[in-house]
Amino acid sequence: MEVYSESQWEEIEKAGREKRRELVLQGVNIDQKIQESGGLNPRIYSLTLLNYLEISQCPSLREIHQGIERLVHLQSLILCRNKLSQIPRAVGQLKALKVLDVSVNELQALPDEVSQLCELNTLNVSCNKISALPGGLSKCVKLSTINVSKNEISRFPDDLYSEDLDLLSTIVASENCIEELSGEIHNLVALKNLDLSNNKLTDIPPELAECSKLKEINFKGNKLKDKRLEKMVNGCQTKSILDYLRAGGRGKGKGKKQDSGEKEEGREKDRKKKNDKRQKNKKEDEGVDDLNRMVVRVLHISESPTAVMVKVTAAVKDVRPYIVCCTVKGMNLKAGNSLKRFLTAQIKLHDEICEKRTAATIATHDLSLIKGPLLYDARPPKTLQIVPLGRKETKASDLVRQLQLEAEEQRKQKKRQNVSGLHKYLHLLDGKENFPCLVDAEDHIISFPPITNSDKTKMRKSTSELFVEVTSSTSLQICKDAMDALIVKMAELNKFTFDHKEETLSDGETEPTNCERASEPTANENASPELIVQQVRIEDADGNLKVVYPSKTDLDVDMSNLTVVR
């Protein structure tokens, strides 16, 4: 029998004494305790007041005990990035559970009891080895988001298409082995986002076009029989794809039934004009390609003698060792809501590819407000001085303490189980003696990942050149992947702004006057949506190259309407 001392598991004991509603156990220190103790301290299953429990990034965690059923007030159970091989059936007793995240484990199946979670709205089982989803998911009538990407699923269970799932808005099932999408998909009336990229589909059911709220679809990486449809898919032309499906596919009118005479007349016209149409369609396709094409031009360091350079100290090795940076020109943030769209997209990337900042953190700055060269360092919290976004200058230690107090206040008010804003990232600093920071040539802290940027370098509508950084405690590759995703999203947003020709607005809240509109050109006038990405070199303290982004292997994006010029 294992002996679990109070001092060894002080986090659990403290949560019990203080009657905490939230507990986060994460990282190397917790993993070492699990390894030394042979598992979790069973005392955790007696914390019946918990409504948020997270145990993550612990490779030694291989099982969760049936005692989990005692945590009847749990609303969020986060068990990601461990080595779990199974989830106990007792999870079905957590009747209040709204969020279940067991991503990045070694699960081969989910227990059927998951279908008993009638309050469940978010299910994330991505990055496992699951070959089939359990039946009965239609009983989870409040299900809104399901992520099963990077598994071994060959088909969806029939009841996933149930009309009872009238709140299901997002299905992410990329990188599986799915061979068929049922026409019953039209039953999902709330469906907005569908990602079935990199599967084994050969057809897309026309009934998909009946999902009236559908905004984003991704079928890239499937070998479709209809090559014209496959071309649209690879170009991510959601509207065109839905219109095409609605029309019934190649050569099919506009979705309305025709009598036999009309059909014969149509076929005769097609035969007579076959060659002309072929040439016309070819020109139209080329025109559409040109119209939708996005260009990202990469500038080598040698092409810009004033390029920003970043030095990395040895102090970050044990704190947050990985960083990639670049500068971006050509983003039009003055027009309409373009800045708001950009910041919203960044938040979404933080939640998705950055896994709520646990894998990586993105920071964007106004390059004109930065004095290079930059230093990526780790400093004691009491000496790290920063002006956080929307706050007064303070020490990192004081900022963290203030955020902790605010988090406690948030929990008390309205009996909330979770915290929002910067507060939900505080646990990422647990156990750190030094905090990571990016420092400019005047010793101003411009970034304190994963918490906040400096207010001094924040983005504005007037920002014309951006400095972008991605940091991680996990790997260099996740930094590059996140940066790739951000650059692609910036190209898409810039193209959207260019196409819609929104009016140019100032940094203020008010729109320009008529006189200002007359004297100031509208957005995109004499402009193009092309982005210019300037390489940034990262060196160690001795001047040795650590990484340069984007390198020749970066931004290797499979998008037919995106051209990367190097």
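The values are calculated or read from the model by the stated rules, or taken from the named source; none is laboratory data. Small disclaimer: the values here were computed from a predicted structure and weren't measured. Neighbour counts are summed over all protein chains in view; Cβ atoms, including those assigned to glycine, are modelled from backbone coordinates with ideal geometry. When the accessible area is computed, the model is the full protein with side chains, heavy atoms only, and any ligands, DNA or RNA have been set aside. Shrake-Rupley method; radii C 1.70, N 1.55, O 1.52, S 1.80 Å.
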field: Cα pair distances exceeding 20 angstrom across segment 126-246, given as percent
entry: 37
query: In the structure displayed, which of LYS98/LYS495; LYS19/LYS95; LYS192/LYS495; LYS98/LYS348 lie more than 27 Å apart, Cα to Cα?
result: LYS98/LYS495
statement: Amide H contacts under 5 Å for ALA335, restricted to residues at least 5 apart in sequence or on another chain and with H modeled in the peptide plane, are LEU505
query: Working from the pairwise distances between different alpha carbons, so that the mean of 1/r is found and then inverted, what is segment 340-469's Kirkwood radius in Å?
result: 15.5
Cut-off under 5 Å, modelled amide H: who pairs with LEU299 long-range: VAL533, GLN534, GLN535
message: Let me cross-check VAL536: its accessible surface, 1.4 Å probe, with only protein heavy atoms counted, in Å² to the nearest 10?
response: 0
- prompt: Which of the peptides 10-19, 70-79 is most tightly packed, and how do the rest follow, judged by the mean count of other Cβ atoms within 10 Å per residue?
  reply: 70-79, 10-19
field: Average accessible surface area per residue within segment 166-235, 1.4 Å rolling probe, Å²
entry: 46
- prompt: How big, in percent, is the set of alpha carbon pairs in segment 105-187 lying more than 22 Å apart?
  reply: 15
query: Looking at segment 1-129, what % of the alpha carbon pairs are farther apart than 16 Å?
result: 60
- request: Output ³J(HN,Hα) for segment 346-352: one whole-Hz value per residue in order, computed from phi by the Karplus curve 6.51 cos²θ - 1.76 cosθ + 1.60 with θ = phi - 60°, and x for Gly and Pro.
  value: 5, 4, 5, 5, 4, 6, 9
Computed magnitude of the charge dipole of segment 305-454 (debye, nearest 20; Cβ of K, R +1, Cβ of D, E -1): 540
statement: segment 1-134: relative contact order from alpha carbon pairs under 8 Å, six or more residues apart, as a whole percent, is 18
field: Potential extension, THR344-SER182 segment - 0.36 nm per residue separation minus Cα distance
entry: 55.1 nm
